[in-house]
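Reading through the structure tokens given below for one structure.
Read the figures in this text as sums done on the coordinates, not as results from a lab. Being a predicted model, the structure only gives us computed values, none of them experimental. Neighbour counts are summed over all protein chains in view; Cβ atoms, including those assigned to glycine, are modelled from backbone coordinates with ideal geometry.
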Amino acid sequence: MYGHALGPGQGCPNTIFLVAARFLGGTAFFILRNFCAKLDRACHLPKNAIVAWIGGVGIFSYSLYLVHSPIRAILKQLLRPYSYTQNPVLFLVVGAVLGLGGYWGAKLFFWAVERHFLNSSCQVARSRQT
């Protein structure tokens, strides 16, 4: 059920529904993204913990882009015995471990590598003076 590909006649949902679900999910994401971008430009983003956390993730989002796939591949190999399960709770735990591994791996990569290549405000000010 979870993690197994089903073929035709084995309870596999109609392909059109899978395509439509992905299309509608992507459309909803971009509508939400554009809505938030308009709020940001107008300086009307709410000030709460969730928005602050998302802003913090944005700071190391390039690191997240760079390392999520290798970390996911390594963790999937380590968690292989648990990934093909019929237990929905174990399936969600494996997914959470994959997500948290990517998140913390990206933070570590940002701290260890990427932050050293960012311009500080002092460096930017000095470069404008010359």
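Details
- The string of couplings for the range 99-115 from the Karplus curve (6.51, -1.76, 1.60, θ = phi - 60°) is x, 5, x, x, 4, 6, x, 5, 4, 5, 4, 4, 5, 7, 10, 5, 4 Hz, one whole number per residue in order, with x for Gly and Pro.
- Ranked by the mean number of other Cβ atoms within 10 Å of their residues, highest first, the peptides 37-44, 51-58 fall in the order 51-58, 37-44.
- Computed lengthening from TYR82 to ILE50, 0.36 nm per intervening residue step minus Cα-Cα distance: 8.4 nm
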